[in-house]
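Enquirer: Sharing a structure here in structure tokens format.
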Amino acid sequence: MSKDKWKKKYSKRKERDINFSNLSKIKINPLYTPDDNEDFDYDKDLNYPGEYPYTRGVQPTMYRGRLWTMRQFSGFGTPKDTNTRYKYLLKHGQTGLSVAFDFPTLYGKDSDDPLAQGEVGKCGVAIDTLRDMEILFDGIPLEKISTSMTINPPAAMLLAMYIVVGEKQGVPKDVLTGTIQNDMLKEYQAQKTWIYPPEPSMRIITDILKYCSENVPKWNTISISGYHIREAGSTALQELAFTLANGFTYVDYGIKSGLPVDTFAPRLSFFFNSHLDFFEEIAKYRAARRIWAKLMKDKYHAQNPKSYLVRFHTQTAGCSLTAQQPENNIIRTAFQGLAAVLGGTQSLHTNSMDETYALPTEKAVKIALRTQQLIAYETGVPNTIDPLGGSYYVEALTDELEKLTLEYFDKIETLGGVVPAIEKGFFQREISRSAYEYQKALEKKEKYHVGINIFEEEENVEIELLKIPEEVEIDQKKSLNKVKEERNNSKVKETLIKLREAAENRENLMPRILDCVREYATLGEMCETLKEVFGIYKEPIIF
Amino acid sequence: MELLQRFLKGDKPAIARVITKIENGTDPKLLEEIFPHTGNAYFIGITGPPGAGKSSLVNAIVPKLLENNKKVGIIAVDPTSPFSGGALLGDRIRMNDLALNENVFIRSMATRGSLGGLASKTKDIALVLDAAGFDYVLIETVGVGQIELDIAQVCDTTVVVLVPESGDAIQAMKAGILEVADILVVNKGDRSGADRLILEMKFAFELRDEKINWQIPILKTVAIENQGIEKLASTVKFHKEYLERSGEIEIERKNKLVLRVNELIEEKIKTHLHNYIIDQKQLKKMIDKAYERKITPHYITDEIVKKMFLKKEV
Amino acid sequence: MNKKIRILIGKPGLDGHDRGAKVIAAALRDAGFEVIYTGLHQLSESIVEAAIQEDVDIIGLSILSGAHMTIFPKILELLKQKNAEHIIVIGGGIIPEEDIKKLLKMGVKRIFTPGAPTNDIVDYIKSIIR
């Protein structure tokens with residue numbers, strides 16, 4: 001039968017009355033055939049896993065060699081509380097740690113800051129000084145575990161604390177493995193945890209790149225994150241395009257600071273969201289690998305194949321979870337986790353069902369972890385590499401996302417690049433608009449969300465929740481005070497002055513920050529010191 | 001205590017409430033009651049194209065105006081959505097440093113019904129802040145088309161803010177800028193193109209042939225980094241002294257009263273015309289006739305205006 | 001006839017999750033409200049002072065950081081201190097049911113949880129202001 005014949009038959013029948021486009025507003029055809037991949041060239045477009053342009057995966061063996069790292073983002077209360085949770089997760093088969101800090105820490109503020117009131121230990125663990133970090137990793141051997149830290153403006157300080165904890169455990173710097181997020185561009189665009197203006201932030205980041213390429217070579221220095229762009233309301237396409245544009249901007253800055261591209265590019269890693277539209281997500285990961293590889297080779301002339309790789313962590317979409325019928329979130333998360341695995345993720349966090357209410361309980365976290373283990377050990381999905389490669393649909397979608405991403409790059413270019421586009425509010429406006437359009441689409445029932453605008457129920461949700469007691473804040477402030485009493489305050493002052501001088505004199509900040517950390521300077525003290533030199537960022541008015 | 005008494009004592013909730021009443025037009029007597037207490041504040045207008053950093057400039061300059069125990073009232077005007085009648089007022093975001101200062105009062109306003117221009121009510125609200133005892137009243141608004149003329153009509157000193165990027169907007173605004181600016185500021189002056197813009201504006205100002213005593217200063221600022229702010233504040237104060245010394249302030253303020261009266265007359269006539277005079281049914285009939293080329297639009301106009309003046313009450 | 005509902009949308013605390021706040025702000029604007037948005041990372045004191053100067057009918061707070069049991073009581077207390085108890089306080093965010101009960105008892109008028117349609121919020125505000 002010819003395609004035209006089928007088309008005729010198809011058009012005679014009725015379609016369901018819904019909008020058949022995906023979340024990036026790409027129109028989805030009823031059927032994909034070889035016609036949709038006309039110029040398809042296996043070697044050029046796909047090639048073998050571990051081979052340029054890496055569409056099928058970054059390693060030759062993928063999950064047949066080693067499964068993805070199961071890394072649940074976690075942290076709450078005092079460092080001691082979180083240390084207990086880490087030991088629980090490791091006992092249940094988790095293979096890497098991922099630290100969630102509380103808002104004051106993320107924002108470079110101490111637990112006794114007026115703006116920290118009510119926030120200490122709530123959405124993550126509170127870290128004020130090296131002492132807290134020592135407690136957090138007590139009994140966890142840093143040479144055996146890789147640790148991811150979601151931290152941005154104060155990334156240098158938290159990394160320094162981790163390095164010093166390593167020193168105290170007798171683990172040399174070049175053995176440490178892990179990741180700091182350290183992606184400030186997406187903060188200005190989406191996540192909005194900022195301290196300094198963009199230029200000094202970029203300087204701190206390049207200081208870290210430089211320091212680590214020489215001293216902590218196994219550390220992933222930036223985790224270029226689309227996750228938050230997506231959570232703030234972008235489409236999959238915007239997540240892909242903005243994240244990669246940010247990545248190339250870090251490459252530009254690294255090169256501008258005098259680093260040869262191959263010295264730092266292999267340590268760049270990525271962090272993506274996995275949202276509701278299954279195939280769109282899979283195509284997104286595949287397109288990301290191909291676009292990055294091509295440009296790193298053709299535009300930046302990287303020689304080391306490791307510079308071409310998009311190695312990425314995935315977290316399932318927090319914003320897709322519903323407070324209504326929360327058990328459904330387990331299923332949503334399972335689909336999203338599966339998409340990430342089919343897309344070739346290197347590590348995965350699966351959300352817990354109760355996260356629209358509070359931080360997850362142990363039970364909820366365990367189900368989320370088990371979800372990954374089910375994908376890994378029961379479904380058979382990891383048995384073959386890139387199982388959807390060659391699917392007419394997935395390949396067409398991958399091509400389409402690549403094309404549209406390059407169009408976004410052109411737009412950003414005409415605005416003068418990523419930093420000027422941030423200053424002009426381009427990304428912020430794009431994301432806000434998508435968020436609002438999605439909400440409108442839900443309200444007009446052009447898109448469905450089970451429990452929200454279809455299959456709603458009158459219900460009395462009763463689930464067990466994790467409570468962070470108010471004492472956490474009191475205890476944390478007490479222990480902060482104790483550190484301040486016990487440390488050598490004149491030494492602290494001295495190291496802070498040196499940090500200030502380094503900032504003024506464009507010296508690399510990392511060695512100075514390490515000195516401050518060793519003397520138990522607080523996170524707030526270090527950030528305030530740099531503020532005096534760098535100034536603070538003010539939110540632009542963008543709706 | 002009476003609202004008015006609390007208001008005159010500088011009680012912020014009372015000031016806020018008086019503004020609301022005037023803005024909503026719910027208490028027509030109120031303006032009369034406060035008017036005798038006005039005439040003491042110095043009005044400064046800050047206008048320019050969108051994205052010029054006007055709010056940041058206000059945030060930076062106000063601390064300088066507050067020196068010597070002065071009080072500053074700020075009106076930040078943003079457009080009302082023509083579709084919904086609602087508005088998103090975000091200028092406070094950039095003025096956070098002032099939020100808790102007890103000598104500062106900030107009020108966000110939407111343009112509401114006024115077409116294109118600065119809300120007529122803004123001018124009355126400026127008077128409210130004057131009566132409430134603020135030494136300086138700042139009006140911050142986007143300058144497009146009509147507005148920069150409007151703002152100059154209320155303010156003693158009008159500061160027009162430009163940025164290097166707003167090239168096209170500036171071309172469109174040039175005539176308006178020349179007409180209204182007492183001080184010109186090129187903000188974000190650290191960006192490329194700033195010096196060229198300054199040269200261009202200097203050139204444009206030199207071309208003016210009228211004999212004017214006040215040479216419009218062109219200043220460079222980087223508001224978010226507090227650069228050039230000291231100079232701007234002293235220039236504003238210098239302009240104030242100039243107006244006072246030369247006696248121009250009295251002439252200007254009287255002129256402004258004339259303009260305000262004219263404007264109010266127009267407004268009143270318009271409202272009256274639309275609310276009472278124009279009989280929509282009759283108008284429709286006449287339009288049909290005009291469409292058939294039986295009568296002219298001029299004829300219709302004459303008929304309506306004639307009818308209006310026969311009415312006695314306004 | 002010129003009366004408009006004025007609402008202040010505030011983001012107290014340190015979290016940067018302003019997606020919800022901005023979506024609500026846009027929806028309220030489209031419903032004809034005048035929406036004053038004060039930006040991220042606001043002290044409770046600044047929010048209350050802004051609400052008073054702007055003479056808003058209602059304050060809507062978006063809190064996703066878990067600090068709701070600290071921030072809501074503080075805002076209510078400050079409004080009381082400043083004789084501005086007439087300003088209604090509502091909120092939205094990640095807030096567990098049992099905390100919602102406590103907050104309502106304290107004087108918060110209504111809490112919307114994730115997934116609430118913007119229309120419901122608009123209708124609710126219209127129903128209580130007048």
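Enquirer: Can you give the relative contact order of chain B as a percent, counting alpha carbon pairs under 8 Å and 6+ residues apart? Write out the running numbers ahead of the final one.
Expert: Details: 441 pairs, mean separation 57.8, N = 314.
Normalised by residue count, the contact order of chain B is 18 percent.
Enquirer: If you don't mind, another one. For segment A:472-534, what is the relative contact order in percent, using Cα pairs closer than 8 Å and at least 6 residues apart in sequence?
Expert: Numbers: 39 pairs, mean separation 23.3, N = 63.
For segment A:472-534, the relative contact order is 37 percent.
Enquirer: While we're here: Suppose R0 equals 25 Å; then what is the FRET efficiency for residue A:13 and residue A:440 from their Cβ-Cβ distance, rounded to the nearest 0.05? It would help to have the intermediate numbers written out before the result.
Expert: On the way: r = 30 Å, r/R0 = 1.21.
That pair, residue A:13 with residue A:440, gives E of 0.25.
Enquirer: Moving to a separate point now. Which shape class, rounded, prolate or oblate, goes with the protein assembly as shown when its Cα gyration tensor gives a ≥ b ≥ c as root eigenvalues, a/c under 1.5 marks rounded, and past that a/b bigger than b/c marks prolate? It would help to have the intermediate numbers written out before the result.
Expert: Values: a/c = 1.74, a/b = 1.47, b/c = 1.18.
Taking the square roots of the gyration eigenvalues as a ≥ b ≥ c, the protein assembly as shown is prolate.
Enquirer: If you don't mind, there's one more thing I want to ask. Using Cα-Cα distances under 8 Å and only pairs 6 or more residues apart, what relative contact order does chain A have, in percent? Working shown, then result.
Expert: Numbers: 932 pairs, mean separation 103.1, N = 543.
Reported as a whole number, the value is 19 percent.
Enquirer: Let me ask another. Longer than 31 Å from Cα to Cα, which of A:122/A:210; A:284/A:411; C:11/C:105; B:121/C:82; B:70/C:80 are they? Say none if no pair is. Walk me through the numbers on the way to the answer.
Expert: Working: A:122/A:210 34 Å; A:284/A:411 20 Å; C:11/C:105 22 Å; B:121/C:82 27 Å; B:70/C:80 28 Å.
Result: A:122/A:210 exceed 31 Å.
Enquirer: Show the residues, 5+ positions off or on another chain, whose built amide H is closer than 5 Å to the amide H of residue A:179.
Expert: For residue A:179, the qualifying residues are A:147, A:148, A:149, A:220.
Enquirer: Scan chain C and note any complete DSSP helix (H) whose C-alpha atoms cover at least 18 Å along its axis and whose Kyte-Doolittle average is 0.0 or more. Display every interim value, and only then the final one.
Expert: Numbers: long enough: C:68-81 (19 Å, 0.34).
Helices meeting the span and hydropathy rule in chain C are C:68-81.
Enquirer: Relative to the longest principal axis of chain A, what angle (0 to 90°, nearest 10) does the C-alpha long axis of helix A:3-12 take?
Expert: 90
Enquirer: Gap in Å between the Cα centre of segment A:316-332 and the Cα centre of segment A:127-179?
Expert: Computed from Cα coordinates, the inter-centre distance equals 32 Å.
Enquirer: While we're on this one: Using Cα atoms only, what is the angle between the long axis of helix A:362-377 and the major principal axis of chain A, expressed in degrees (0 to 90) to the nearest 10?
Expert: The angle comes out at about 50 degrees.
Enquirer: For the residue pair residue A:278 and residue B:265, what label-to-label distance in nm results when each label sits 7 Å from Cα along the Cα-to-beta-carbon direction?
Expert: Simple spin-label model gives 7.5 nm for this pair.
Enquirer: Quantify how strongly other chains surround peptide C:118-128 by giving the mean number of their Cβ atoms within 10 Å of each of its Cβ atoms.
Expert: 1
Enquirer: Sum -39500 (n - 2.57) across every DSSP H segment of at least 4 residues in chain C, then divide by the residue count to get the 222 nm mean residue ellipticity, nearest 500.
Expert: On the way: 5 runs with 57 residues, N = 130.
Mean residue ellipticity at 222 nm (helix-derived): -13500 deg cm²/dmol.
Enquirer: Further question on the same structure: Run the helix sum for chain A: -39,500 (n - 2.57) per DSSP H stretch of 4+ residues, divided by residue count, reported at 222 nm to the nearest 500 deg cm²/dmol.
Expert: Values: 19 runs with 249 residues, N = 543.
Rounded to the nearest 500, it is -14500 deg cm²/dmol.
Enquirer: Just counting partner chain Cβ atoms within 10 Å, what average do the residues of peptide A:100-106 show around their Cβ?
Expert: Whole-number average of other-chain Cβ neighbours for A:100-106 is 3.
Enquirer: How well do other chains shield peptide A:108-116, expressed as the mean number of their Cβ atoms within 10 Å of each residue Cβ? Show your work: numbers first, answer last.
Expert: Values: counts 0, 1, 0, 0, 0, 1, 3, 7, 3.
Per residue, the number of nearby Cβ atoms from other chains is 2 on average.
Enquirer: Now for a different question. From the phi of every residue in segment A:471-482, what ³J(HN,Hα) in whole Hz does the Karplus formula 6.51 cos²θ - 1.76 cosθ + 1.60 yield, where θ is phi - 60° and glycine or proline is x?
Expert: Calculated HN-Hα couplings, in order: 5, 4, 4, 4, 4, 5, 5, 4, 6, 5, 4, 5 Hz.
Enquirer: Which percent of Cα pairs goes in each bin when the distances of segment A:1-86 are cut into 5 angstrom slices starting at zero?
Expert: P(r) for segment A:1-86, in whole percents per bin: 3, 9, 10, 9, 11, 11, 12, 11, 9, 6, 4, 2, 2, 0.
Enquirer: A further question on this structure: Using a cut-off of under 16 Å, list every residue of segment C:10-31 whose amide N is near the label point 7 Å from the Cα of residue B:83 along the Cα-to-beta-carbon line.
Expert: Residues C:23-31 qualify, since their backbone N sits under 16 Å from the label point.
Enquirer: Ok, one more. Does segment A:400-543 come out rounded, prolate or oblate, given a ≥ b ≥ c as the square roots of the eigenvalues of its C-alpha gyration tensor, rounded meaning a/c under 1.5 and, failing that, prolate meaning a/b above b/c?
Expert: Values: a/c = 3.66, a/b = 1.42, b/c = 2.58.
The shape class here is oblate.
Enquirer: Right, another one. Relative to the longest principal axis of the C-alpha atoms of chain B, give the angle of the C-alpha long axis of helix B:194-206, reported between 0 and 90° and rounded to the nearest 10°.
Expert: Roughly 60 degrees between the two axes.
Enquirer: So, one more: Based on alpha-carbon centroids, what's the gap between segment A:180-201 and segment C:53-75 in Å, whole number please?
Expert: Computed from Cα coordinates, the inter-centre distance equals 26 Å.
Enquirer: Is segment B:37-111 rounded, prolate or oblate when judged by the Cα gyration tensor, a ≥ b ≥ c being the square roots of its eigenvalues, rounded requiring a/c under 1.5 and prolate requiring a/b larger than b/c?
Expert: On the way: a/c = 1.99, a/b = 1.64, b/c = 1.21.
Prolate, because a/c is 1.5 or more and a/b exceeds b/c.
Enquirer: Long-range amide H contacts for residue B:220: which residues qualify at under 5 Å (H placed 1.01 Å from N, peptide plane, sequence gap of 5 or more or a different chain)?
Expert: Residues meeting the amide H criterion: B:186.
Enquirer: Can you give the extra length, in nm with one decimal, that the chain gains between residue A:378 and residue A:429 once fully stretched, where that is 0.36 nm per residue apart less the Cα-Cα distance? Don't skip to the answer; put the middle values down first.
Expert: Values: separation 51, 0.36 × 51 = 18.36 nm, distance 4.30 nm.
Full extension from residue A:378 to residue A:429 adds 14.1 nm.
Every read-out reported here was derived from the displayed coordinates using simple, explicitly stated rules and does not represent laboratory data. All values derive from a computational prediction rather than experimental measurement. Methodologically, a virtual Cβ is constructed for each residue, glycine included, from the backbone with ideal geometry; neighbour enumeration extends over all protein chains shown.
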